[in-house]
1. Which longest uninterrupted range of the chain lacks any GluC sites (Glu not before Pro) assigned by DSSP to a loop state (not H, G, I, E or B) and surrounded by at most 11 other Cβ atoms within 10 Å?
2. Which percent of the accessible area of the chain is formed by carbon and sulfur heavy atoms (probe 1.4 angstrom)?
3. At 1.4 Å probe size, with every protein chain present, just tell me what the per residue accessible area of the chain comes to in Å².
4. What is the mean projected area of the alpha carbon convex hull for the chain, to one decimal in square nanometres?
Amino acid sequence: MYIKTSTINLDQFLKWSGAVSTGGEAKVLISEGRVRVNRQVETHRSKKLSPGDVVELEGSIFEVARGREN
């Protein structure tokens, strides 16, 4: 997924990428330790993600990428 800012919060990224339907769902999954960032369990929903970070959720892998310039 491409982002147009320098960072994005983990909970926002999960919702924006379509990994979850709601922010509430993201909050629960993160607080339960079911989300990994760069292979490490992450329990802080406000964790800042940058381009190159890899997010794992229940077997799905998402890489944060910088937005394309038009």
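1. No qualifying site falls inside 1-31, the longest such stretch.
2. The C+S portion of the solvent-accessible surface of the chain is 44 percent.
3. Numbers: 4590 Å² over 70 residues.
That works out to 66 Å² for each residue.
4. On the way: hull surface 16.9 nm².
Answer in nm², one decimal: 4.2.
The values are calculated or read from the model by the stated rules, or taken from the named source; none is laboratory data. All values derive from a computational prediction rather than experimental measurement. Note: ideal-geometry Cβ built from the backbone for every residue, glycine included; neighbour counts use all protein chains shown. Only protein heavy atoms, including side chains, enter the accessible area calculation; ligands, DNA and RNA are left aside. Shrake-Rupley method; radii C 1.70, N 1.55, O 1.52, S 1.80 Å.
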